[in-house]
Amino acid sequence: MTGFLAKSINIEKIWNRISAQIPAVEAFAWKVILAIVIYFIASKVIIKICALIRAAMNRAGADTGVIQFLTSFVKTALYFLLIVSIAVRFGIKESSIAALLASGGVAIGLALQGGLSNLAGGVIIMLLRPFTVGDYIIENTNKQEGTVVKIDLFYTTLSTVDNRRITIPNGNITNS
């Protein structure tokens with residue numbers, strides 16, 4: 001019975017195949033470790049860049065809402081570039097990423113219709129400045145009101161008279 005198992009399984013062939021794959025596994029493990037290190041270092045750099053942008057805009061006397069909006073946009077864009085560059089490091093071609101983004105654009109646009117409406121609303125708020133941080137506003141659709149605390153890419157945060165925080169989508173604010 002032992003001779004039969006040895007002939008049918010042939011442990012040496014299995015061992016040879018496994019040991020032939022060890023260099024590839026090691027190379028992949030080093031890529032993963034390097035990607036993790038790059039991600040953590042780049043995350044710290046992104047945080048520093050956002051802090052520098054915030055400080056420079058504060059010195060220039062920019063509106064608080066513009067500062068919050070711009071730093072949020074820069075942070076999102078830099079993290080996207082970081083993830084794409086890590087994916088390219090793992091061997092994914094840039095053209096494949098571009099094709100994926102192009103082909104998925106319609107589906108993503110439809111799925112994120114509300115989110116894109118909020119993003120457009122945030123851009124409109126920054127350009128037209130119907131209100132700024134510190135203004136007291138009343139949102140017409142749901143009759144919510146309060147002092148503007150923060151204007152982000154997608155949402156505006158209000159502080160009410162009874163010390164509650166209300167987050168209103170920018171699309172709702174610009175539509176009303």
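The values are calculated or read from the model by the stated rules, or taken from the named source; none is laboratory data. Here the structure is a predicted model, which is why all the values come from computation and not from measurement. Cβ: placed from backbone, ideal geometry, glycine included. Neighbour counts: every protein chain shown. Accessible surface is based on the protein model in full, side chains and every heavy atom, while ligands, DNA and RNA are left aside. Shrake-Rupley method; radii C 1.70, N 1.55, O 1.52, S 1.80 Å.
For the stretch 12-30, residues that are open to solvent by 90 Å² or more (accessible area, probe 1.4 Å) and under 19 Å from G91 (Cβ atoms) total 5. Those strands (runs of 3 or more DSSP E) of the stretch 67-176 in which 2 or more residues are surrounded by 11 or more Cβ atoms within 10 Å (Cβ to Cβ) and under 23 Å from the mean Cα position of the chain (by Cα) occupy 144-151, 155-159, 165-169.
Every test in (1) within 20 Å of V74 (Cα to Cα); (2) free of Cβ contacts under 8 Å to residues at least 60 places away in the same chain; (3) not β-branched (V, I, T) is passed by L128 save one, and that test is (1).
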